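**Q** For reference, the structure I am asking about is given below.
The values are calculated or read from the model by the stated rules, or taken from the named source; none is laboratory data. These numbers come from a predicted model, not from an experiment. Here the Cβ is made from the backbone with ideal geometry for all residues, glycine too, and neighbour counts use every protein chain on show. SASA here: full protein model, heavy atoms, side chains in, ligands and nucleic acids out. Shrake-Rupley method; radii C 1.70, N 1.55, O 1.52, S 1.80 Å.
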Amino acid sequence: MTESKEILEKLKSAGNRMTQVRRAMVEILCRHKGPISAAELITSLKRRSLTVNKTTVYRELHFLLEKRIVREVDLLEGMKRYEILDESDHHHHMICLKCRSIQCIEMGHDLDEIESQILKNHDFKVLSHTLEFVGLCGRCRD
Ligand SMILES: [Zn+2]
Ligand SMILES: [Zn+2]
Ligand SMILES: [Zn+2]
């Protein structure tokens with residue numbers, strides 16, 4: 001798990017303005033398990049007595065994306081989700097159809113072999129891939 005303190009320190013020393021909302025968003029993103037939506041972010045911010053509108057949250061998300069602190073996750077829900085970007089980590093998501101919970105699953109170099117086959121057989125250089133697991137979590141199967 002990435003430490004929010006580390007990220008905040010990095011941003012600050014790079015000369016970025018550190019607002020309360022910006023700090024809170026980094027903390028929430030670090031603490032949240034799995035990717036979080038803008039709406040969920042707004043709810044969490046409100047719980048911390050921070051009043052924000054959608055525009056502010058999207059502006060902050062844009063900032064964090066630009067700084068490569070978060071990445072966008074599209075789980076084909078018609079909206080994007082966001083999670084802390086860790087360059088050294090490669091993972092996918094397990095989405096429960098019933099409770100809509102989303103968990104990250106570490107997958108290392110999962111498709112490296114297939115991607116080199118694609119390059120060899122189809123002369124196509126894969127730069128990234130999307131792969132999500134949709135099903136039922138343990139609690140929902142009981
Ligand atoms: Zn479930
Ligand atoms: Zn994730
Ligand atoms: Zn993968």
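**Q** Of all accessible surface on the chain at a 1.4 Å probe, what whole percent is carbon and sulfur?
**A** Roughly 51 percent of what the probe reaches on the chain is carbon or sulfur.
**Q** Is the shape of the chain rounded, prolate or oblate, going by the alpha carbon gyration tensor and its root eigenvalues a ≥ b ≥ c, with a/c under 1.5 for rounded and a/b larger than b/c for prolate?
**A** Judged from the Cα gyration tensor, the chain comes out oblate (a/c at least 1.5, b/c at or above a/b).
**Q** Looking at region 68-142, which GluC sites (Glu not before Pro) are in a loop (DSSP not H, G, I, E or B) and have at most 15 other Cβ atoms within 10 Å?
**A** Those that pass, being in a loop and sparsely packed, are GLU77, GLU87.
**Q** Counting helices only, and only those DSSP H runs with n ≥ 4, report the 222 nm mean residue ellipticity of the chain as the sum of -39,500 (n - 2.57) divided by its residues, in deg cm²/dmol to the nearest 500.
**A** Helices in the chain give a 222 nm mean residue ellipticity of -12500 deg cm²/dmol.
**Q** How much accessible area per residue does region 1-140 have, counting only protein heavy atoms and a probe of 1.4 Å, in square angstrom?
**A** Here the per-residue accessible area is 68 Å².
**Q** How charged is the neighbourhood of LYS98? Take every other residue with its Cβ under 10 Å from the Cβ of LYS98, and add Lys/Arg as +1 and Asp/Glu as -1.
**A** Net of charged neighbours comes to +3.
**Q** Using label points projected 7 Å from each Cα along Cα→Cβ, tell me how many nm separate ASN53 and HIS109, to one decimal.
**A** In this crude spin-label approximation the distance works out to 5.0 nm.
**Q** Which Rg and Dmax, in Å, describe the Cα atoms of region 36-75?
**A** When restricted to the Cα atoms of region 36-75, Rg and Dmax are 10.5, 29 Å.
**Q** Which Cys in the chain stand alone, with every other cysteine's Cβ at 4.7 Å or more from theirs?
**A** If one checks each Cβ against the other cysteines of the chain, CYS30, CYS99, CYS104, CYS140 turn up with nothing under 4.7 Å.
**Q** Can you work out the Karplus-derived ³J(HN,Hα) for every residue in region 133-142? Use 6.51 cos²θ - 1.76 cosθ + 1.60 with θ = phi - 60°, whole Hz, and x for glycine or proline.
**A** These are the phi-based 3J(HN,Hα) values: 10, 10, x, 10, 6, x, 4, 6, 8, 5 Hz.
**Q** Mind jotting down a quarter of the surface of the convex hull over the alpha carbons of region 81-142, in square nanometres, one decimal?
**A** About 5.5 nm², averaged over all directions.
**Q** All other residues with a Cβ under 12 Å from the Cβ of LEU119 taken together, and with Lys, Arg as +1 and Asp, Glu as -1, what is their net charge?
**A** -2
**Q** Also, I was wondering about something else. Hey, with R₀ at 41 Å, roughly what FRET efficiency would LYS120 and GLU66 work out to, going by the Cβ-Cβ distance, to 0.05?
**A** 0.70
**Q** Please compute, over every Cα-Cα pair in region 19-88, the percentage with a separation greater than 14 angstrom.
**A** In whole percent, the long-distance tail amounts to 54.
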